[in-house]
Every structure is written in structure tokens, then in C-alpha cells.
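A.B. asks: Starting off with a structure, shown below.
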């Protein structure tokens with residue numbers, strides 16, 4: 001089932017887009033099934049779960065931290081994480097830089113921008129992003145682009161408008177900062193995100209089935 005789901009999904013997205021399989025709460029066996037079908041990018045939203053899975057799964061998996069990340073937990077994923085999507089403060093960026101230095105590696109990050117109307121969503125404002133980018137003097141962090149989550153609504157026009165606002169900001173800064181990643185779109189709205197310029201989508205239930 002997972003293999004077929006992956007195959008169908010990959011046929012529906014352009015080759016230029018990266019598919020991150022959101023594997024949070026899913027057992028190792030399910031991730032292995034996806035891995036054996038060729039999937040290499042996996043997204044988790046809890047540090048402990050990601051660290052546990054990383055110790056038992058193949059070493060060439062690219063792990064994506066897509067959930068809210070607390071500063072005191074960065075050290076657990078710093079040695080191996082491929083991309084942190086959820087950088088939402090200067091203090092978090094400072095900690096990632098520090099842990100990157102300790103592990104002698106440059107950690108790839110995305111700035112998470114709050115484009116949704118909901119109070120519960122994390123993320124930076126565009127002004128906060130400007131401030132970070134203007135003083136970007138990190139030695140062990142590479143900001144690769146942006147991540148955003150649209151409002152949880154059936155209003156397609158609103159979702160479209162939110163994605164477009166992020167895509168516009170991305171385009172304005174892409175060349176100057178050598179960005180290559182715009183992470184937006186999930187199981188319910190990824191086709192719209194791709195049409196707005198997303199280069200990376202985060203999909204779980206369409207691959208692994210509904211979460212328990």
C-alpha cells in the first residue's frame with residue numbers, strides 16, 4: 001500500500017519538487033517500507049522520536065525536523081539532521097549554530113514564517129525574517145529558504161493568498177541569499193502549494209494512511 005501511495009503521489013508532482021514523507025507516529029516498519037520503495041526524505045515533529053528512529057534505520061535517510069523545536073533539544077538532532085524547517089526565533093538559530101559548531105558541521109535550516117491566520121501556529125513575521133537575514137553571520141548554519149503552513153480552512157482563496165505571500169517574499173530574497181528551498185504544502189493543500197511555487201511538500205496521510 002505504501003509503495004503504491006508513494007508511486008501515485010510522485011506521479012502527481014513535478015520532478016523539481018522534493019517530497020518529504022511525514023512519518024511522525026508511524027512505526028519503523030512503515031518507514032522501511034517507504035525506504036525500500038525509494039523514499040529517502042522523512043519528516044518528524046518530535047526530537048526524541050526522530051533520534052530513536054535514526055539509530056535503527058538506514059544511515060542515508062535525510063531527516064527533516066518539521067515540528068516546533070525547543071532550544072534545549074537541538075543537541076539531540078544536531079549530529080545528523082538534514083534540514084530543520086521550523087526555525088522561528090533568533091535564539092533558536094543561535095543554538096543551532098552553537099550545536100553545529102560542536103558537531104563540526106553546517107546545519108541546513110529554513111525560516112518558518114507565520115502566514116496562517118491562526119493564533120496556534122508558530123513562525124516569524126516577514127519583518128523578523130528581514131532582521132535575521134540582515135545580521136546573518138552564522139558559521140555553522142545555512143539558511144536554505146523558507147517554510148510556511150497555510151490556515152486550516154476550506155477557503156481555497158485564503159490558502160492561495162497565504163502561499164502566494166510567502167512565495168513572493170521567497171522570490172524577492174532567493175537570489176541574494178542563494179536560497180533553493182520553499183517548503184509549503186501538506187496532504188490537503190500540496191497541489192495548490194506547488195502551483196504557487198513550492199519546491200518541497202510535506203505529506204503524511206496520503207503515504208502512510210490516516211494517523212491513529
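Every number here is computed from the coordinates shown, using simple stated rules; none is lab data. Bear in mind the structure is a predicted one, so any value in this text is a computation, not a measurement. With ideal geometry, Cβ positions are generated from the backbone for all residues, glycine too; neighbour counts draw on all protein chains shown.
A.B. asks: Taking R0 as 30 Å, what FRET efficiency do you get between residue 73 and residue 176 from their Cβ-Cβ distance, rounded to the nearest 0.05? Mind showing how you got there, number by number?
C.D. replies: Working: r = 31 Å, r/R0 = 1.05.
Given R0 = 30 Å and the Cβ-Cβ separation, E is 0.45.
A.B. asks: Right, here's the next one. Sort 130-137, 46-53 by the packing proxy (mean of other Cβ within 10 Å over each peptide's residues), most packed first. Show your work: numbers first, answer last.
C.D. replies: Details: 130-137: 11.2, 46-53: 16.8.
Top to bottom by mean Cβ count within 10 Å: 46-53, 130-137.
A.B. asks: Using only alpha carbon pairs under 8 Å that are at least six residues apart, calculate the relative contact order of the chain and give it in whole percent.
C.D. replies: Details: 377 pairs, mean separation 42.6, N = 212.
Dividing the mean separation by the residue count of the chain yields 20 percent.
A.B. asks: Here's another thing I want to ask about it. With n ≥ 4 as the cut-off for DSSP H runs, can you work out [θ] at 222 nm for the chain, using -39500 (n - 2.57) per run divided by the number of residues, rounded to the nearest 500? Write down the numbers at each step before the final one.
C.D. replies: Working: 9 runs with 87 residues, N = 212.
Calculated mean residue ellipticity at 222 nm is -12000 deg cm²/dmol.
A.B. asks: 7 Å from Cα along Cα→Cβ at both residue 135 and residue 3: what's the point-to-point distance in nm?
C.D. replies: 5.3 nm
A.B. asks: Could you tell me the calculated FRET efficiency between residue 153 and residue 57, based on Cβ-Cβ distance and R0 = 41 angstrom, to the nearest 0.05? Walk me through the intermediate numbers first.
C.D. replies: Working: r = 35 Å, r/R0 = 0.85.
So the FRET efficiency works out to roughly 0.70.
A.B. asks: Also: May I ask for the percentage of alpha-carbon pairs in the stretch 131-188 that lie more than 19 Å from each other? Please list the in-between numbers first.
C.D. replies: Details: 628 of 1653 pairs.
Pairs farther apart than 19 Å: 38 percent.
A.B. asks: Once label points are set 7 Å from the Cα along Cα→Cβ at both residue 187 and residue 29, what is their separation, rounded to one decimal in nm?
C.D. replies: Simple spin-label model gives 2.0 nm for this pair.
A.B. asks: Something else: Please give the length that would be gained between residue 40 and residue 117 if that part of the chain were fully extended, namely 0.36 nm times their separation in residues minus their C-alpha to C-alpha distance (nm, one decimal).
C.D. replies: On the way: separation 77, 0.36 × 77 = 27.72 nm, distance 3.24 nm.
Full extension from residue 40 to residue 117 adds 24.5 nm.
A.B. asks: Compute the label zone of residue 102 within the stretch 52-87: residues whose backbone N is under 15 Å from the point 7 Å along Cα-to-Cβ.
C.D. replies: Answer for this model: 70-81.
A.B. asks: If you rank 63, 179 by fewest surrounding Cβ atoms within 10 Å, what's the result? Working shown, then result.
C.D. replies: Numbers: 63 22, 179 18.
Ranking 63, 179 by Cβ neighbours within 10 Å, fewest first, gives 179, 63.
A.B. asks: To one decimal place, what Kirkwood hydrodynamic radius in Å is obtained for the stretch 2-205 from all pairs of distinct Cα atoms? Walk me through the intermediate numbers first.
C.D. replies: Details: mean 1/r = 0.0580 Å⁻¹.
Result for the stretch 2-205, one decimal place: 17.2 Å.
A.B. asks: What order do you get for 129, 109, 196 when you list them from fewest to most C-beta neighbours inside 10 Å? Walk me through the intermediate numbers first.
C.D. replies: Working: 129 19, 109 27, 196 23.
The fewest-first ordering by Cβ neighbours comes to 129, 196, 109.
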